[in-house]
Structure formats: structure tokens, C-alpha cells
Amino acid sequence: MIVVLKQNPEKMRVERLIRHFEDMGLKINYSEGANTTILGLMGDTSSIDEHDVLAYDVVERVQRVTEPFKAVNRKFHPDDSIIEVAGRKIGAGYFNVMAGPCSVESEAQIVEVAESVKKAGASFLRGGAFKPRTSPYSFQGLEAEGLRLLLEAKRQTGLPIVTEIMSEKHLDLFADVDIIQLGARNMQNFMLLKELGHSDKPILLKRGLSATMDEFLMAAEYIFAGGNHNVILCERGIRTFETMIRNNLDITAIPLVKKLSHLPIIIDPSHAAGRRDMVQPLSRAAIAAGADGLIIEAHNNPRCALCDGAQSLDLPMFDDIMADIRRRAEFEGRELIS
């Protein structure tokens, strides 16, 4: 249930109303926007009489919410959320590019890539230390050593880092990571979602390969329910019958998320098609559709990459595509953060 308050309500009366709802065992999500103040009531609201709530003189109107996701629902939070990470803003007109290799392979490799993507204008370094792979015989990443190398690249370049977690057992290792990525295969790993909800780290939540929008937003709801409201959604393509590309980028996810939720959404054009020649056109489509950023795979030598070389840009290609991204973001009225 949503309770919309009148403009400039008396603080004491609002506090009295909040205590009334809390005494009923409800959790309150207080959202104060530019023009509207909302109380989002979470819990069993079936016994609440809307007319009784309207009797409070600070209440403008009452609305029941039918969607299963509540805290991430735009009805609970009308204004776009801005996630602040390492002095950078994500969402609500701020556009970020996260770039780096699929997998960290060596110190020389990750530092070279970090220096190059920073110079081109990327605001975050992405890189895989723990790698979920379909085959148990494929390269699984350098794990803890990979995290150490990412942090070394951060130290040398100043770029904040984004990297994927696979288990709640590894949370202590991610203490100095700036954004924890939850991959598509773990989108419905509910134990991990709960643990990330207790974390104070921003979470980059990727959509599952066959997840509906309800399922995607409910995964974000799990994190919110634990108290962590720093969630960035990521559309990385869904599995369809098409075999010529790795996945199909669901570009409709961008306006749909913008309609349903206040959370920022970024696009992964590299995983979407699995082909480097499609990264630029898919990036253009994402910017035009209203995405809040991109996460792109870039490698100093894609032909020799230990993971996903076919979809990785080499560094000169990334430079060219970043120049195009900058022009298009500015044309769409977005502020490119670097």
C-alpha cells in the first residue's frame, strides 16, 4: 500500500502516522521527492481500511500496489534513484561506462587495460576474478589472486572496480571492491541475494538468461529487503531460439524498467550478442532507449584471451566506440562520467 502525503506536511503528524503503521507490524519505506512525499507500507496491509488512513489530515490519497515487488517499485519511489560509488553518480541522467576484460589474466594485462580504458573515458574497470563457466574444464578465473590484481590496477590508475561474486563465502574477499556484480546465473541464488542485502556495497544485478521482468525486479527486491538499497540493474540479453548470436538483447527492458522501477539500468552489449562487431550498434540502441550506462568487454589481445575473446574489443576499437558513445550520450542529454 502507498500513502501519498499532502505537500509540506507537519513533521510531528507524519511521525505519528508512521508510528501508527509500525505498531501494526508494517515496515515503512519513506520517500521524499521534489514534489511528493510517499509512505510505502510493506507487510500484510489487507486489514487496513483506506478510509481510516484518509482520515489523517496529512494524507492526500491511498493506493494499493498489486505488483509483487514493492521497495524497487516506482510507485514507492517516484524519482529516479542515483547510486553514488567512489565519487561517481549512476542513474538519473548520469551515464557511466564500465570496461575491462572478461577475465583477469595477469598484472601486466589488467593494468594495461585499465590505463587504456580510463584514458578513453571509462569510469569503472570491470574484470572477472571468479568465473562461472558452463564447462567445468574451462578457465575458472584466478579467484583471490585475480581480486588482488584488480585492486592493484585500481591503485595504479584510480579506477574503481566492478567484479563478480559467486558465493556468500567470498564476501570478505570483496571488502575493497567498489561494485559487486551478481551474474545472470546467480540472479535467483536467494541465499546470496540475502547476504548481499546485508552488505553496504553497491550491487550490479544482471538479468537471468530466461528471467521475466517480474523475476528480475523481485531479485532486486531481495537485496532491498535486507537493507541494501544500492542496486544497479543490468540487461545482458536473454536466451531465445536464435543461434547466430549468443543472446538476444532485450532493448524493451530499458523503458520497461524505467516505467516500473526507480533503479538505474545499464546494458551489457558484449554478452548480448557475443560478437565484437555488434557492440557498437547495440550500445547506440541502448543510449537511444534511455540506458544509464554500459558495461563493455575490452582486452589488450582478444585473440589470446582466456575467456570470451570473440566478444571483446581490442583497445583501439574501444577508443573509437567510446568517442561514438560520448557524442551520442551528449546528444541524448546524458552526462558522461569519467
request  = Kindly indicate which of Ala273, Ala323, Ala225, Ala286 is hydrophobic (A, V, I, L, M, F, W, C) and out of contact with any strand residue (DSSP E or B) (no Cβ under 9 Å at 6 or more places or on another chain).
outcome  = Ala323
remark   = Flagged pairs (Cβ under 6 angstrom, 6 or more apart or on separate chains; first in segment 301-320, farther than 18 Å from Arg246 by Cα; second in a helix (DSSP H, G or I) and of a type in the set (S, T, N, Q)) are Leu315/Ser116
Selection count where residues are farther than 20 Å from Leu315 by Cα, open to solvent by less than 10 Å² (accessible area, probe 1.4 Å) and in a helix (DSSP H, G or I), scope segment 119-168 = 2
ask   = Which number in (1) open to solvent by 10 Å² or more (accessible area, probe 1.4 Å); (2) within 11 Å of the chain's Cα centre (by Cα); (3) within 22 Å of Pro132 (Cα to Cα) marks the one condition that Asn230 misses?
value = (3)
task = Residues that are of a type in the set (A, V, I, L, M), closer than 27 Å to Asp178 by Cβ and open to solvent by less than 60 Å² (accessible area, probe 1.4 Å): find the strands (runs of 3 or more DSSP E) completely inside segment 1-107 holding 3 or more of those.
result = 94-100
ask   = Among all residue pairs at least 6 apart or on different chains, which show Cβ distances below 8 Å where the first residue, located in segment 1-15, is under 12 Å from Leu39 (Cβ atoms) and the second is of a type in the set (Ser, Thr, Tyr) and part of a strand (DSSP E or B)?
value = Val4/Thr37; Leu5/Thr37; Pro9/Thr37; Val14/Thr37
query = So how many residues does segment 205-244 have that are in contact with a Pro (Cβ under 9 Å, 6 or more places away or on another chain), over 19 Å from Asp178 (Cβ atoms) and free of Cβ contacts under 8 Å to residues at least 40 places away in the same chain?
reply = 1
task = Report whether or not Asn73 is under 16 Å from Pro202 (Cβ atoms) and under 16 Å from the mean Cα position of the chain (by Cα).
result = no
ask   = Is it true that some residue in segment 43-51 is small (Gly, Ala, Ser), within 31 Å of the chain's Cα centre (by Cα), modelled with pLDDT under 90 and under 20 Å from Ala71 (Cα atoms)?
value = yes
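The values are calculated or read from the model by the stated rules, or taken from the named source; none is laboratory data. These figures come from a predicted structure and were not determined experimentally. Counting neighbours? That spans all protein chains shown, and the Cβs are built from the backbone with ideal geometry, glycine included. Only protein heavy atoms, including side chains, enter the accessible area calculation; ligands, DNA and RNA are left aside. Shrake-Rupley method; radii C 1.70, N 1.55, O 1.52, S 1.80 Å.
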